[in-house]
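The structure appears below as structure tokens.
The values are calculated or read from the model by the stated rules, or taken from the named source; none is laboratory data. Values in this document were obtained by computation on a predicted structure and should not be read as measured data. Glycine gets a Cβ as well: all are built from the backbone with ideal geometry, and neighbour counts include every protein chain shown. Please note that ligands, DNA and RNA were not included when accessible areas were found on the heavy atoms of the full protein model with its side chains. Shrake-Rupley method; radii C 1.70, N 1.55, O 1.52, S 1.80 Å.
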Protein chains: 2
Amino acid sequence: METGRSLVDAVRERCGRCSGRSVSICNVIDDEDLPALVAESSRVTVPAGRCFIREGAPAHDFYVLAGGRAKLFSLMPDGRRQVMGFAELGDFLGLASSDTYAFTAEALGDVTLCRFPHSSIDRLVERFPRLRGRLQQEASSELVKMQARLMLLGRKTARERLASFLVEQASPCRLHGQELRDGHGPLTLPLPMSRTDIADYLGLTIETVSRTFGLFRKEGLITVQGASSVTLLAPGTLSDMANGIRKD
Amino acid sequence: METGRSLVDAVRERCGRCSGRSVSICNVIDDEDLPALVAESSRVTVPAGRCFIREGAPAHDFYVLAGGRAKLFSLMPDGRRQVMGFAELGDFLGLASSDTYAFTAEALGDVTLCRFPHSSIDRLVERFPRLRGRLQQEASSELVKMQARLMLLGRKTARERLASFLVEQASPCRLHGQELRDGHGPLTLPLPMSRTDIADYLGLTIETVSRTFGLFRKEGLITVQGASSVTLLAPGTLSDMANGIRKD
DNA sequence: GCTATATTTTGATTTAGATCAAGAGATTTC
DNA sequence: GAAATCTCTTGATCTAAATCAAAATATAGC
């Protein structure tokens, strides 16, 4: 938490150049109110591979992801892993918790976060009533995404799952909010997560993920640059496949 | 929405004998404030089999389930179904929606609901600040449940899924909040949903569900009274199986 | 740059659960 | 209360994806 004197500087440094400013919950706070936000939070940087939220640990803080990507996952006693999601710029982390966190969050590359203790969020909501609606919205959209994931894990084929994943990776910040339609030209995406992460996200094995990538490549739906970058050559086709409208 | 004159009577009729009073979001409203709640909501009864929320329809209302059970599901264009959950006494429905509902809700038996237009909830939160936290809590616990369901659908075996389902059915109101432990004696549960509903909930086929019920029966873990009532003979064993601690 | 290690791809085989196909109970209808 | 209709169970077979097993890349260390 920053102290009074340098607050204005801190705001300029933190929020002024924060690329998450316009997509995170912070977008309901006016520029002139940013000092309150900065005063209630602290900036955290996490190196690649480090966990910054641990499943089962007491949940004291929320986080806004301000740079990099993270994977959120949960483990069974025997080591089976389910990746719950990949967090990206602006994502609000920590809603899925009661007294303790329901998932572990691990930085995929280097990650920048703003940490908000629960009590700070309470005070901020008190002071900025619009924040309340924004948080509800965040929870709602998270729940809607979760429902889509239940459909994916419960009812989709391996091809549909991978297509869904690729389309989802293409969506959010990268497309600036516009929908993915047939007209779209090639779209190149970074894949900062490993094949194992993708498999654990899609409820598949790494081999099935790799094979399905191979099929998509043969079918001219994608090209791959190394393991951590794909180009979607036919985003519309992939989108239809993801939704079970088209089989090939 | 009730009009002034008979409000006190309406409160006595609606909330006075409502079994959801103590478990739903209403439990943060004091008795003397109930008239405001009643004034902002309307009581709805839905016959068995009727849908009262439709996937894709504009989301105007929240619902509190005040009696009966409902299934919440979503469909793919080709008819594949995923049951997102079974709602029961006190559940708050409609959080998983943006502009439109993300799921369809269908009454399993006859269902009683209190309908709260979004605008009413806004007014109530304004007037009863404690309600805000209660709603956040509702969203959080829903998200935690969802994560458990992702693990189930992504990583659990058919046996583990059915065990999870049975344990979950045993948990909430029926156990009055206490955890399921090895010491527990037999526990008889109603199963108001069909085998197809269970299958669509667990990401399995009806045949696999039926066969797995058969196995559990042979293994002395459960007995079945007709298709719509089970007795858990070994709740602790089932709980361990659900969590992947025990295979048989 | 070369070796060592980890990750990813590809191939062969197995298997859990799906699909196909009857029966056996329930429940509803008249 | 018998016929008709559903729902559920059980059995036989099939298959999508898992598992087992190398080979091929990629990455890191020295």
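Miscellaneous remarks
- 0 to 90° range, to nearest 10: angle between helix B:130-155 axis and chain B longest Cα axis: 20
- Heavy atoms of B:His60 accessible to a 1.4 Å probe, total area in Å² rounded to 10: 120
- The same position B:Gly236 in the other copies lies at 6.2 nm from this copy, comparing label points 7 Å beyond Cα toward the beta-carbon, shortest first.
- Residues in the protein assembly as shown average 44 Å² of solvent-accessible surface per residue, probe 1.4 Å, ligands and nucleic acids excluded.
- Rounded percent of accessible protein surface that carbon and sulfur make up, chain A, 1.4 Å probe: 51
- Heavy-atom accessible surface that A and B bury in contact, both chains counted, 1.4 Å, Å² to 100: 3800
- The angle separating the long axis of helix B:206-218 from the principal Cα axis of greatest extent in chain B is about 60 degrees.
- In degrees, nearest ten, helix A:158-170 long axis to first principal axis of chain A (Cα): 40
- Computed with a 1.4 Å probe over protein heavy atoms only, the accessible area of B:Phe73 comes to about 10 Å².
- Each copy carries A:Gly220; placing its label point 7 Å along the C-beta direction from Cα gives inter-copy distances of 6.3 nm, listed from smallest up.
- Computed with every protein chain present, the accessible area of A:Glu219 is close to 90 Å² [probe 1.4 Å].
- Delta accessible area of at least 30 Å² on complex formation, residues of segment B:143-159, 1.4 Å probe, chain isolated as reference: B:Leu143, B:Val144, B:Met146, B:Gln147, B:Leu150, B:Met151, B:Leu153, B:Gly154, B:Arg155
- Size of electric dipole in segment A:76-222: Cβ of Lys, Arg +1 and of Asp, Glu -1, about Cα centre, debye, nearest 20: 300
- Highest-MSF residue in chain A out of A:Gly20, A:Gly56, A:Gly90 [GNM, Cα springs under 10 Å]: A:Gly56
- Computed over chain A, Kirkwood Rh from alpha-carbon pairs, angstrom: 19.3
- Label point distance in nm, B:Arg217-B:Asp110, each placed 7 Å from Cα along Cα→Cβ: 3.1
- List of segment A:80-127 residues, accessible area with partners at least 40 Å² below that of the chain alone (1.4 Å probe): A:Arg80, A:Gln82, A:Met84, A:Leu95, A:Ala96
- Of the listed residues A:Lys247, B:Lys145, A:Lys218, the order by accessible area with a 1.4 Å probe, largest first, is A:Lys218, A:Lys247, B:Lys145.
- Starting from the label point of B:Lys145 at 7 Å along Cα→Cβ, the same points in the other copies fall at 2.1 nm, in ascending order.
- Extension gain, B:Thr157 back to B:Asp99 (0.36 nm per residue minus Cα-Cα distance, nm): 17.3 nm
- When A:Phe62, B:Phe116 are compared by accessible area of protein heavy atoms, the largest-first order is A:Phe62, B:Phe116, using a 1.4 Å probe.
- In whole angstrom, the protein assembly as shown maps to an equivalent ellipsoid with semi-axes of 35, 32, 22, each derived as √(5λ) from the alpha carbon gyration tensor and ordered largest first.
- Within chain A, helix-based [θ] at 222 nm, where runs of 4 or more DSSP H residues each add -39,500 (n - 2.57), nearest 500: -11000 deg cm²/dmol
- Fraction in percent of alpha-carbon pairs per bin - 5 Å, segment B:157-242: 3, 16, 28, 29, 17, 6, 1
- Taken over the C-alpha atoms, segment B:7-146 has Rg and Dmax values of 14.9, 51 angstrom.
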